[in-house]
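Enquirer: Structure below; questions to follow.
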Amino acid sequence: MFDVAIIGAGVAGLTVAQQLRQAGYGVVVVEKSRGVGGRVATRRLHNICADHGLRYLEGKGELLQRLVKILCDRQILKLWTDTIYQFSPDSQLSTTCYVAPEGMSAVAKFLAKGLEIWLNHRVESIILNNQDSWQLNFAAINDELPKSLTAKAVVMAIPAPQALVLLEPLVSEEVLARFRAIEFDPCITVMAGYSNSLQVDRPEKAILFSQNDDLAWIGLDSSKRFNPEASVFVIQSSAKFAQLYLDTEDLQPAARELLASAAKHFIPWLDTPTFFQVHRWRYAFPIRPLSEMFLDVQTSLPLICCGDWCGGNLVESALQSGLSTAQRINSQLQNLSLPGDNFFDSL
Ligand SMILES: Cc1cc2nc3c(=O)[nH]c(=O)nc-3n(C[C@H](O)[C@H](O)[C@H](O)COP(=O)(O)OP(=O)(O)OC[C@H]3O[C@@H](n4cnc5c(N)ncnc54)[C@H](O)[C@@H]3O)c2cc1C
């Protein structure tokens, strides 16, 4: 039996796991996807990679600043730009943006060092075993993988609407109502590649669209890489646009529409890529986050929910929420000495 099972290998889950592992707990992280990172995501396409989730890290906030510094010292991150252009109203935002030449998922891989992580394990249900342990049951993928595990404490480091499904049989209607109140905006991301012979004769590495029906962001993703083989743009839709395609199976027409919008508003040849891929984020950005740093659902054994939707809505709140959750779980178990916000140093 594990001391703590953490559902979700995003930034929040990995942070909780590192805190508790470094203190001496027996920790396992279970993740439904093939890799770690969650919304900190990088995809490989045609010999080049593209960040289809987290775009960059800003050197803002004490905790994030420390992480950025350590990652820069280890050459995992580099400065990308200090200016984000804003389209309508025409302006420029001054902010230092750091990116990973190997793809932003390198940040998650750093946070995952030394952890026991079970990939391809989607938790389908959770039950209380005789009041002395939790049992996590996995969706069957093949007969070789374990079907369940047990732990003394559980952390759900997943978006609130996904936690809600697992919590429904376990907690009161009052607690469920708190989860139902937390909504997320969706986003559709298109990663599109173009021949290097097409000249990107624009100074902007990234453009933010705040008042566009279709577009939220266009970034020249290949400018994050060393010697890219192609020009790759990442185009992120507005929430309004993504809502139209929430249940559509074939996202190619949506991708084509976004490429046409990008061509209209940025560079005319953007609607004729050599290759492209599209991804839908059903839970991209929390729109009404909790003010607390985690949600303790007060069951007879420790069960805490956390993530970027606790205390904020971006990557820094995922980190902070992970730290606070580890403290709470520690106080409910053995009160060991936690590394606190120094935990990056030993990775
Ligand atoms: C397109 C996009 C752009 C973004 N850009 C920025 C940006 O520029 N700056 C910034 O600060 N933030 C940005 N963000 C937000 C940032 O990525 C998130 O705030 C942060 O990564 C959230 O981390 P998390 O650990 O809370 O959740 P997640 O990353 O969502 O992690 C949850 C994990 O749980 C797993 N999971 C879910 N259900 C189960 C289950 N039943 N069983 C097992 N595993 C499960 C998921 O697969 C996932 O890996 C962006 C997000 C998106 C989508």
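Read the figures in this text as sums done on the coordinates, not as results from a lab. Keep in mind it's a predicted model, so treat the numbers as computed, not measured. Here the Cβ positions follow ideal geometry from the backbone for every residue, glycine too, while neighbour counts run over all protein chains shown.
Enquirer: Just how far, in whole angstrom, is the stretch 303-340 from the stretch 168-184 if you go by their alpha carbon centroids?
Expert: For the stretch 168-184 versus the stretch 303-340, the Cα centre distance is 19 Å.
Enquirer: Could you let me know the centre-to-centre spacing of the stretch 264-286 and the stretch 88-128, using Cα atoms, in angstrom?
Expert: The stretch 264-286 and the stretch 88-128 have Cα centres spaced 20 Å from each other.
Enquirer: Once phi is turned into ³J(HN,Hα) by the Karplus curve 6.51 cos²θ - 1.76 cosθ + 1.60 with θ = phi - 60°, what whole-Hz value does each residue of the stretch 140-147 show in order, with x for glycine and proline?
Expert: With coefficients 6.51, -1.76 and 1.60, one gets 5, 10, 8, 6, 7, 7, x, 9 Hz.
Enquirer: Next question. In debye to the nearest 20, how big a dipole does the chain give about its Cα centre with +1 on each Lys and Arg Cβ and -1 on each Asp and Glu Cβ?
Expert: Its charge dipole is roughly 560 debye.
Enquirer: Between Gln86 and Asn142, what is the label-point separation in nm under the 7 Å Cα-to-beta-carbon projection?
Expert: Result for the modelled spin labels: 5.1 nm.
Enquirer: May I ask you to derive the FRET efficiency for Asn130 and Leu336 from their Cβ-Cβ distance with R0 = 35 Å, giving the value to the nearest 0.05?
Expert: Using R0 = 35 Å, I get an efficiency of 0.85.
Enquirer: If the elastic network links every pair of Cα atoms under 10 Å, which of Asp90, Asp51, Asp296 fluctuates the most in the Gaussian network model of the chain?
Expert: Sorting by GNM fluctuation, first place goes to Asp90.
Enquirer: I would also like to ask the following. How far apart, in nm, are two points set 7 Å out from the Cα along the Cα-to-Cβ line at Leu63 and at Gln243?
Expert: Result for the modelled spin labels: 3.1 nm.
Enquirer: Then there is this: Pull up all non-local amide H partners of Trp118: gap of 5 or more, or a different chain, and H-to-H distance under 5 Å with H placed in the peptide plane.
Expert: Correct list: Val29, Val30, Glu31.
Enquirer: Amide H to amide H, which residues 5 or more places from Gln86 or on other chains are under 5 Å from it, using H placed in the peptide plane?
Expert: The list, which skips near neighbours in sequence, is Ser91, Gln92, Leu93, Leu208.
Enquirer: Quick one: P(r) of the chain from all Cα-Cα pairs, 20 Å bins, percents rounded to integers, in order of increasing distance.
Expert: Reading upward from the zero bin: 30, 56, 14, 0.
Enquirer: To continue, here is another question. With angles folded into 0 to 90 degrees, how steeply does helix 62-73 sit against the dominant principal axis of the chain? Use alpha carbons for both and round to 10.
Expert: 70 degrees
Enquirer: Got a sec to turn the phi values of the stretch 239-247 into Karplus ³J(HN,Hα) couplings, 6.51 cos²θ - 1.76 cosθ + 1.60 with θ = phi - 60°, whole Hz, x for Gly and Pro?
Expert: Those phi angles translate into 5, 4, 5, 5, 4, 5, 10, 4, 10 Hz.
Enquirer: Another question about this same structure. With the contact rule set at Cα under 8 Å and sequence spacing of 6 or more, what percent relative contact order holds for the chain?
Expert: It rounds to 21 percent for the chain.
Enquirer: Still on this model: Counting only residues 5 or more places away or on other chains, whose amide H sits under 5 Å from the amide H of Thr96 once H atoms are built in the peptide plane?
Expert: HN-HN under 5 Å from Thr96: Gly59.
Enquirer: Longer than 19 Å from Cα to Cα, which of Lys32/Lys109; Lys113/Lys224; Lys205/Lys264; Lys32/Lys147 are they? Say none if no pair is.
Expert: Lys113/Lys224
Enquirer: Shifting gears a bit: Could you identify which residue out of Ser222, Ser197, Ser238 has the top mean-square fluctuation in a GNM of the chain using Cα springs shorter than 10 Å?
Expert: Largest GNM mean-square fluctuation: Ser197.
Enquirer: Could you tell me how far the Cα centroid of the stretch 13-38 sits from the Cα centroid of the stretch 196-247, in Å?
Expert: 31 Å
Enquirer: Let me ask something additional. Helix-only mean residue ellipticity at 222 nm, the chain, DSSP H runs n ≥ 4 weighted -39,500 (n - 2.57), per residue, nearest 500. What is it?
Expert: That comes out to -7500 deg cm²/dmol.
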